[in-house]
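A quick write-up on the structure given underneath.
Each value in this text was obtained by applying a stated rule to the coordinates, not by laboratory testing. Just so it is clear, the structure is predicted and the values come from calculations on it, not from any experiment. Please note: Cβ atoms are built from the backbone with ideal geometry, for glycine as well, and neighbour counts cover all protein chains shown.
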Amino acid sequence: MRHDKAAMVIDLARRLAASAEGLTLDEMARDMGVSRRTAERMRDAVFMLFPTVEEVSDPPSKRWRIRGGLSAFEQPTATEMLELTKAATALRAAGEPARAAALEALERKLKAAMRSTTLNRMAPDLEALVRAETIAVQAGPRPSADEAMLTAIRGAILAQQPLGFTYSRPGAEPRRRSVAPCGVMFGRANYLVAADRETGRIQTFRLDRMSHVAAQDGVAIPPPDFDLGVFASQSFGIYQDEIEDVVLRIAPQGAAEARGWRWHPTQTFEDQPDGSVVVRFRASGMRELAWHLFTWGEQAVILAPERLKAVMAGELAAAERALDAARR
């Protein structure tokens, strides 16, 4: 029965596309052999599937038709194009011109492939939506990933070749590395995730500290059990270290916000009698977590682990020393 209903909706769509003047509800009901109420539901279903359906005024009745035929079914909507534009704008504002350029090129290709009539109808809505929505740029490091570097990394991943590069850490001599690339993590800073070819250990490398990046001869396959999504979800941020059980208590005035916050994929919440909430999750990256907890001020209390308390104490001491220096 469900398939029969789907077939009837498609049949109605074909009839609307084949009619130059459009069909009224009564005509739809008559042609499809259904009641007027059923015809209304089928018409609404066609609206959802075919955004190019248009209403034609024919007093005292209303008619509906699909201009451009059913090929217009695959045309993107104004909302879909808006999200593509916003994604490109957000990447460019975050300092990712290469990735932004890729989305902007896709947008141009989509528009070039669209029917001129569909594009003309969409243009006013798209322009209005672009003016009405924007991306709030947040303070933070500007990630770096030039197009040539990403091309080299992606090529090595697809070909399962070793990736060679020079890696420079602050205060250390640049070192030539050869790894089996596993993937790239994009965020506040962009990182290559790779397995060291000598030890097999999974490591992260900041792209802005990499230079002379190129695929090497040979074969370099990531560990068969490696999952980039699982690896990324282990840490609170990017840095990977020992995974620990984190327990935080958020004061009553911040409890509602805490429940709506995405702390970690493993998070659980426990409501307390005083209105506070206890947040639990397993993660590494205690330093990044400590940095985040600064934004909660007195609302967040660290219950566990002890290492997070020590890291937070160290960060507070460093901040106090900087403040003392500024006062001198």
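Alpha-carbon geometry of region 75-132: the Rg and the Dmax are 11.6, 35 Å, given in that order. The residue list Pro252, Ala39, Leu106 was ranked by how far each Cα lies along the charge dipole of the chain toward its positive end, using unit charges on Cβ atoms, and Leu106 comes out on top. The local environment of Arg321, defined by Cβ-Cβ distances under 12 Å, has a net charge of -1 under the rule Lys, Arg +1 and Asp, Glu -1.
So, in Å, what gap is there between the alpha-carbon centers of region 1-52 and region 257-297? Between the Cα centre of region 1-52 and that of region 257-297, the gap is 50 Å. Each Cα pair under 8 Å and six or more residues apart adds its separation to the average, and for the chain the resulting relative contact order is 9 percent. Spatial offset of region 103-126 relative to region 159-231 amounts to 38 Å, using the alpha carbon center of each. Taking label positions 7 Å along the Cα-Cβ direction at both Ile243 and Ala304, the computed distance is 1.6 nm, reported to one decimal.
When the GluC sites (Glu not before Pro) in region 204-282 are filtered for DSSP coil states and for at most 12 other beta-carbon atoms within 10 Å of their beta-carbon, the remaining sites are Glu242. Restricting the trypsin sites (Lys or Arg not before Pro) of region 174-256 to loop positions (DSSP other than H, G, I, E, B) with no more than 16 neighbouring Cβ atoms within 10 Å leaves Arg188, Arg197, Arg201. Quick check: from the Cα gyration tensor, does region 2-73 come out rounded (a/c under 1.5), prolate or oblate? Judged from the Cα gyration tensor, region 2-73 comes out oblate (a/c at least 1.5, b/c at or above a/b). If you fit an axis through the alpha-carbon atoms of helix 306-327 and take the longest principal axis of the Cα set of the chain, what angle between them do you get, 0 to 90°, nearest 10? The answer is roughly 80 degrees.
When the Gaussian network model of the chain links Cα atoms closer than 10 Å, the mean-square fluctuations of Phe231, Phe205, Phe47 top out at Phe47. Its DSSP H runs of at least 4 residues, each contributing -39,500 (n - 2.57), put the calculated 222 nm mean residue ellipticity of the chain at -14500 deg cm²/dmol, to the nearest 500.
Basic side chains Lys and Arg get +1 at the Cβ, acidic Asp and Glu get -1 at the Cβ, and with that the dipole of region 1-123 about its Cα centre reaches some 80 debye. Could you state the angle between the C-alpha long axis of helix 97-113 and the longest principal axis of the C-alpha atoms of the chain, as a value from 0 to 90 degrees rounded to the nearest 10? Value to nearest ten degrees: 10. Once you sort the root eigenvalues of the Cα gyration tensor of region 158-289 as a ≥ b ≥ c, which label holds: rounded (a/c under 1.5), prolate (a/b larger than b/c) or oblate (the other case)? It comes out prolate by the Cα gyration axes. Using only the Cα atoms of region 260-328, build the gyration tensor, take square roots of its eigenvalues as a ≥ b ≥ c, and label the shape rounded, prolate or oblate: rounded if a/c is under 1.5, else prolate if a/b is larger than b/c, else oblate. Cα axes put region 260-328 in the prolate bin. Put in line by how crowded their Cβ is, counting other Cβ atoms within 10 Å and starting with the fewest, Tyr191, Tyr167 read Tyr167, Tyr191. The slack between Lys5 and Ala113, meaning 0.36 nm per residue of separation minus the straight C-alpha distance, is 35.7 nm. Note on Lys111: aspartates and glutamates with a C-alpha under 15 Å away, same-chain residues under 8 apart excluded, are Glu74, Glu80, Glu83, Asp125, Glu127. Angle of helix 147-159 to the longest C-alpha principal axis of the chain, folded into 0 to 90 degrees and rounded to 10: 90°. A convex hull fitted around the alpha carbon atoms of the chain yields 257 Å³ per residue. Mean-square fluctuation check for the chain, GNM, Cα pairs under 10 Å: which of Thr266, Thr52, Thr204 is largest? Between Thr266, Thr52, Thr204, it is Thr266 that shows the largest mean-square fluctuation.
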